[in-house]
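Report on one structure; see the data block that follows.
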Amino acid sequence: MIDLINLHKRFGKLQVLQGINLEFRERGKISAILGPNGSGKTTLIKSILGMVLPEKGEIRVDGRPVKGQSAYRSQIGYLPQIAQFPNNLTVKEVIHLIRDIRGPGANEQPFIGLFGLQPYLDKRLNALSGGTKQKVNLTLALMYDSPILILDEPTAGLDPIALIRLKDFLRQEKQKGKLLLITTHIISLVEELADEIVFLLEGKIYFRGAPETLKNQYKEKDLEHAIAGILTHQQKNDHNEQGPPEITPFKSKILHPAFSCK
Amino acid sequence: MFKILRYSFSDLMRSRWTYFYFGFFLLFTLGLLFLSSDVGKVIISLMNVILILVPLIATMFGIMFYYNSREFTELLLAQPLSRTQLFIGQYLGLALSLSASLLLGVGLPFLVYGIFMSAEIWNFAVLLLNGILLSFIFSGMAFWIALRHENRIKGFGLAIMMWLFFAVIYDGIFLLGLMWFSDYPLEYVSLGVSLLNPIDLSRILILLKLDISALMGYTGAVFEKFLGTGLGISLSFLSLGFWILLPTANIRRVALKKDF
C-alpha cells in the first residue's frame, strides 16, 4: 500500500533521511516507527503525506507516485503530533470543516461518545484543555473509514480511560484489515499493539522486525531494555570506530527478510 | 478553495481583533462626522488614517494569522486538498475579513449620515475602494513573508520593515531624489515612481478625485492630466492589480516548495 524508495531529505545541514527503503504492504498490521528524538520519524511520516518534500527518492501509495498529488490523501487518516486549531471555531465547526473538505463518509459520533466530547461540542477550541484537544484531533483523524491510519504520538495527553478505549479501537481497526503506522515513545503501547517495529536512527533504518526478534537479539526480557540496547550499542560503535566491534554488526543480521534494500 | 476561504473568514470575523479594528473605524468615522459638517474634509481626514493604518493593520493581521494557524494548516495539508487551494483560500479569507471590517466600520456611519444623498458619494467610494485594495496588498505581502520565514520574530520584523518602507521610507528617498535632481524636469519620473508604491498611488488617486491637486503645483497638474485620462486610470489600477498579484503568485510559489 505504501512504498518508500531511496528517500533522502535534508534540512539545511542536517541530513534527516538517508536513503530510506520501506514498504508497508500487509493489511491488518500495526507498525510502530520508533527512534530517539530527531531520528526522522515525523519527517518520514510527513513525507508520506506530502507535507515534507524529499529531495531524492519516490513515494508510492497504492502503486501511484504521490509527488504533486493530493487526492490520495483521502485514503489516509492522519493524526499530527501537535493539536492546534483555529481559536475562534467551535469543536462542531472544526469537525464540519474537515467533513466539508473530505466529503461524505464521515462518522464522528462513535468518537464523540468514545472520548466523551459531547459537552464540548459547542465550546471554542481555545477554551479546551490539551487532552481534550487531543481527543478532538483523534476524532478528526479517525472519523473517516480510511484504509491507512498514520498516528504521530496518539497517546499524548490522554487520560487512562481514553487511552484504553483508543487502544481497543486501534485493535479493531487492525482486525478490519487496515494498515496502521504509529510513532510513539511509549514502549508499553508498542508491546501491546505493534506487530512490527521499524527503528530509525540518524535517518536510516536500523532495525525492522517483530518485537520478539528485537528482544531475542539483545537477550532482554522486555522491549524497553532491548531498545536501550540498540542505543548503547550505537554509542559504543561511535566511540570504537577504530577497533573491531564487540558484537558483529547486527544490522545485517536482524533485518527482517521482508525488508529489501533497493 | 471556497471552503477554506469561508472558514478562514468566519474564524477571523469572530476574532476580537477584528471587532477592535471595526470598532476603531466606526468610532473614528462617527467622531469625524460629528465634529465636521463638511463631508469632503471628513474624507480627507479619513484618507490620512486609512493610508497609514490599513496597511499596518493588514500587515499585522497577515503575519499573526499565518503563525497562529500554523499547526492547523498542517492538519489541512494532510487532507485531500492542493496547496494552492489551501493557501490562496486562507489568504482570500484573511483579506476579505479585513475588507469587511473596513467597509462596515467606515461605511455604516456614512450610510447613517446619508452619503447616498450627498455629492461626495464617488469620492467616498474611491476612498473605500483604495482601502480595500490596500488590505489585499498588505495582508498578501505579510502572508508571503510569514510563509517564507518559520522564525516568527524574523517574520514580524520583516513585515513591519516592509510596511515602514512603503509608508515612510519610500517617500523619504523619493523626496531626497527630487531634491538631488531638482535641476531636471522630474514630473514624469515622479509619476512613474509613485506608481511603484501602492500607498503613494492610493493617496494620489484620492487627492485627484477630491480635486485638490492644485495644491500640488505643476506636478499635480501633470498627474491630473495623466491620471485623468483613460490610460492614466488604467495604469494606476493595473499597478494596484500588480501589487495584489505579486504576493498572490509568490504565496503559491513558496507554498508549493515548502516543507511543513
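Here are a few things to note about the model shown:
- In the range B:195-223, the residues that are at pLDDT below 85 and polar (S, T, N, Q): B:Ser213, B:Thr219
- The test for being over 17 Å from A:Leu97 (Cβ atoms), surrounded by fewer than 23 Cβ atoms within 10 Å (Cβ to Cβ), without any contact (Cβ under 8 Å) to a residue 24 or more places away in the chain and more than 14 Å from every other protein chain (Cβ to nearest Cβ) does not hold for B:Ser99.
- Among the residues of the range B:14-26, those that are more than 8 Å from chain A (Cβ to nearest Cβ), of a type outside the set (Lys, Arg) and closer than 22 Å to A:Asn126 by Cα comprise B:Trp17, B:Thr18, B:Tyr19, B:Phe20, B:Tyr21.
- Residue match in the range B:63-76 (condition: polar (S, T, N, Q), crowded, with 20+ Cβ neighbours inside 10 Å and more than 14 Å from every other protein chain (Cβ to nearest Cβ)): no
- Entirely in the range B:1-87, the helices (runs of 4 or more DSSP H) that have 1 or more residues that are more than 21 Å from A:Asn88 (Cα to Cα) and at pLDDT 90 or above: B:16-35, B:39-68
- Candidates are the residues of the range A:100-127 that are within 23 Å of the chain's Cα centre (by Cα) and in contact (Cβ under 8 Å) with a residue 40 or more places away in the chain; the one that is farthest from the other protein chains (Cβ to nearest Cβ) is A:Leu114.
- Meets criteria (under 30 Å from A:Lys204 (Cβ atoms), within 14 Å of chain B (Cβ to nearest Cβ) and either in contact with a helix residue (DSSP H, G or I) (Cβ under 6 Å, 6 or more places away or on another chain) or exposed (fewer than 14 other Cβ atoms within 10 Å of the Cβ) (or both)) for A:Leu44: no
- Neighbours by Cβ (under 7 Å, 6+ apart or cross-chain): first from the range B:142-170, surrounded by 15 or more Cβ atoms within 10 Å (Cβ to Cβ); second among the basic types (Lys, Arg): B:Leu147/B:Lys258
- Near pairs, Cβ below 8 angstrom, 6+ apart or cross-chain, from the range A:45-69 (polar (S, T, N, Q)) to any residue that is at pLDDT below 90: none
- Summed over the range B:224-258, the residues that are assigned to a loop (DSSP other than H, G, I, E, B) and either more than 26 Å from B:Ala95 (Cβ to Cβ) or modelled with pLDDT under 90 (or both) give a count of 1.
- Restricting the range A:55-80 to residues that are more than 30 Å from A:Ala228 (Cβ to Cβ) and assigned to a loop (DSSP other than H, G, I, E, B) leaves a set whose member that is farthest from the other protein chains (Cβ to nearest Cβ) is A:Gly63.
- Filtered residue count, the range A:113-128, keeping only those that are assigned to a helix (DSSP H, G or I), modelled with pLDDT of 90 or more and surrounded by 14 or more Cβ atoms within 10 Å (Cβ to Cβ): 2
- Residue under evaluation A:His96, criteria (1) surrounded by fewer than 23 Cβ atoms within 10 Å (Cβ to Cβ); (2) at the interface with chain B (Cβ under 7 Å from one of its Cβ atoms); (3) not in a loop (DSSP other than H, G, I, E, B), criterion not met: (2)
- For the range B:120-141, the candidate set comprises residues that are of a type in the set (Phe, Trp, Tyr) and under 18 Å from B:Ile199 (Cβ atoms); within that set, the residue that is surrounded by the fewest Cβ atoms within 10 Å (Cβ to Cβ) is B:Phe136.
- Where helices (runs of 4 or more DSSP H) sit wholly within the range A:129-216, those with at least 2 residues that are closer than 16 Å to A:Leu79 by Cβ, more than 13 Å from the chain's Cα centre (by Cα) and modelled with pLDDT of 90 or more occupy A:130-142, A:160-175.
- Of the criteria (1) at pLDDT below 90; (2) within 14 Å of chain B (Cβ to nearest Cβ), which one A:Arg27 fails: (2)
- Criterion violated by A:Ile186 - all others in (1) touching a residue at least 40 places away in the same chain (Cβ under 8 Å); (2) closer than 30 Å to A:Gln15 by Cα satisfied: (1)
- When the range A:1-48 is filtered for residues that are more than 23 Å from A:Glu173 (Cβ to Cβ) and of a type in the set (A, V, I, L, M, F, W, C), the ones remaining, listed by number, are A:Ile5, A:Leu7, A:Phe11, A:Leu14, A:Val16, A:Leu17, A:Ile20.
- Residue that is nearest to B:Ile233 (Cα to Cα) [pool: residues in the range B:170-209 that are part of a loop (DSSP other than H, G, I, E, B) and more than 15 Å from the chain's Cα centre (by Cα)]: B:Leu186
- Flag if A:Ile45 is at pLDDT 90 or above, outside any strand (DSSP E or B), more than 19 Å from the chain's Cα centre (by Cα) and not small (Gly, Ala, Ser): no
The values are calculated or read from the model by the stated rules, or taken from the named source; none is laboratory data. Small disclaimer: the values here were computed from a predicted structure and weren't measured. A quick note on method: Cβ atoms are made from the backbone with ideal geometry, for glycine too, and the neighbour counts reach across all protein chains shown.
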